[in-house]
Amino acid sequence: MSSQVTLTLNPAFRVAPVRRRTFGAFVEHLGRCVYTGIFEPDHPEADEDGFRTDVLALTRELGVSSVRYPGGNFVSGYKWEDGVGPVEDRPARHDLAWHSTDPNTVGLDEFMAWAKKADVEPMYAINLGTRGVEEALDVLQYANAPEGIALSDQRAANGHPESHGIRMWCLGNEMDGPWQTGHKTAEEYARIATEAARAMRQEDPDLELIACGSSSSSMETFAAWESTVLTEAYDHVDMISAHAYYAEKDGDQASFLASADDMDHFIDAVVATADHVRAKLKREKHIMVSFDEWNVWYQHRAESRPPSGDDWPVAPVLLEDTYNAMDAVVFGNLLISLLRHSDRVASASLAQLVNVIAPIMTEPGGAAWKQTTFHPFALTSQHARGEVLDVRLAAPTFENARFGTSSAADAVATWDEEDGALSVFVVNRGTTEELSLDADLSSFGDLEVVEAVTLHHEDPYAANTKDAPETVAPQANDSVRLEDGRLVGALPAISWSLVRLARRSA
Ligand code: AHR
């Protein structure tokens, strides 16, 4: 007999409206994300601007809302002006972060053209590693100012008379990290970020500005960094960033499956720190979290090691992790955590979009396919609608080395009152035992099950490849049904599921 997971759901358990920006992604000049990822002019499916239309179609299918660009570690040594103007005049540069060469064929204007085609909102990161306030203002004026001043006229001369209208701006990237070009102490970063933000707001008061938080919650400076930065920058920024990557280490499946516990604690700690500063400064506004890098990433594997020595390749194969079924379950659970925190997580970016730790893979000159992680993202983005509902949950627990005791199940729901649509996202994080689902839905009125799908594979290490791209994909879960107002069904070990219900028409 299987153990039971009992979910208590009620339309009154509202957290916040579902935010479309939860479903952001990230395109960095790193490996093959840009070149042979989104952009490959010689590809048979490239459009007139050199963008791969197969990748554009998959990006739309993934349901991506916003895309952070151009880095990442890359941005901390980047000169934005190298990437605008006639392509033949653009200089190639060494990218110190990834020990690669960037030909600068793609820059700000190309990215904006791609974002328009992909129907995504841009999020632009400025370089506060090797550069400062002046360059921040320059790139802002080039991107957004109406025609009539030097930099916007330059944009117009480059074929883009209209303002790009970028609202979200990241004030640097992971400046707490000693690996970052131009790494700074919290005090140094607080200064430069505040001054850049103040100047950018003088140029355009409506920008949404994101200060760098910690590059992971395990940084020694975590929380002290956020406190120092926000104490100085509070009035000038809207969000503080958080970054987190998870991986199965040394065969410890249990800890890996509990990764979302860490994301929960991380978000709660950043919010607590921001609110401490708010109380200290006696301010009204709340600082929100921009979780602008999150994913599963096997950083210890060879593919994550950048080239070295005299080798400075263009678009090398880097960070091309292949994701398995278990990775997709953890990934789906991370999305559950992000949704559950929609009251304070105002924006999030899956790192990254194509080839580099990505849900979409491409072969140069060839196919594009979906990794396992594509599926929970696309389904959550498509079906999380209306209000996020907190789910009270009773489930067995399991012990793991990293977090101690964790719940074998995790869940969140969304409820669109107007359309009468309820979506329940639930994971079974146990490695061996099936869980039987039991949820009382009587407080939602008369519902019917529209669809129940489960992502699971008997081999948790099964993956999708170019030649077998459908190996791991969600399948209909026919065990899920309504019985006297209770939702019941079977959730296999290591699985992610979505159950969609709708108000029965009278
Ligand atoms: O997403 C890969 C890298 O991870 C980014 O460049 C950096 O910001 C983070 O450390």
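The values are calculated or read from the model by the stated rules, or taken from the named source; none is laboratory data. Given the structure is predicted, the values throughout are model-derived calculations rather than measurements. No Cβ is skipped: glycine too gets one built from the backbone with ideal geometry, and neighbour counts run over all protein chains shown.
Computed values, structure above
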read-out	value
Close pairs (8 angstrom Cβ cut-off, 6 or more residues apart or separate chains): in a loop (DSSP other than H, G, I, E, B) in the range 403-426, crowded, with 24+ Cβ neighbours inside 10 Å and not basic (K, R) anywhere	F403/A258; A408/V5; A408/N428; A408/G430; A408/L435
So A315, is it at pLDDT below 95, within 22 Å of L30 (Cα to Cα) and of a type in the set (A, V, I, L, M, F, W, C)	no
Scan of the range 65-82 for residues that are in contact with a strand residue (DSSP E or B) (Cβ under 8 Å, 6 or more places away or on another chain) and either within 11 Å of the ligand (Cβ to nearest atom) or part of a helix (DSSP H, G or I) (or both), ordered by number	R68, P70, G71, G72, F74, V75, G77, D82
Residue, nearest to L350 (Cα to Cα), within the range 243-262, restricted to residues that are among the hydrophobic types (A, V, I, L, M, F, W, C) and within 16 Å of the ligand (Cβ to nearest atom)	A244
Hey, E188 among the acidic types (D, E), closer than 29 Å to R278 by Cα and either within 16 Å of the ligand (Cβ to nearest atom) or not assigned by TED's automatic domain parsing to the domain that holds L108 (or both) or not	no
Residues located in the range 279-337, provided they are without any contact (Cβ under 8 Å) to a residue 24 or more places away in the chain and either within 16 Å of the ligand (Cβ to nearest atom) or not basic (K, R) (or both)	A279, E284, R301, A302, E303, S304, R305, G309, D310
Scan of the range 412-465 for residues that are in contact with a His (Cβ under 9 Å, 6 or more places away or on another chain), of a type in the set (V, I, T) and farther than 24 Å from D264 by Cβ, ordered by number	V453
Residue ID - surrounded by the most Cβ atoms within 10 Å (Cβ to Cβ), chosen from residues in the range 473-502 that are without any contact (Cβ under 8 Å) to a residue 24 or more places away in the chain and more than 17 Å from E434 (Cα to Cα)	E483
Odd one out for W169 among (1) touching a Phe, Trp or Tyr at 6+ places or on another chain (Cβ under 6 Å); (2) surrounded by 23 or more Cβ atoms within 10 Å (Cβ to Cβ); (3) of a type outside the set (D, E, K, R); (4) in a loop (DSSP other than H, G, I, E, B)	(4)
Output for the range 52-61, where each listed residue is in contact (Cβ under 8 Å) with a residue 40 or more places away in the chain and surrounded by fewer than 24 Cβ atoms within 10 Å (Cβ to Cβ)	D54, L56, L58, R60, E61
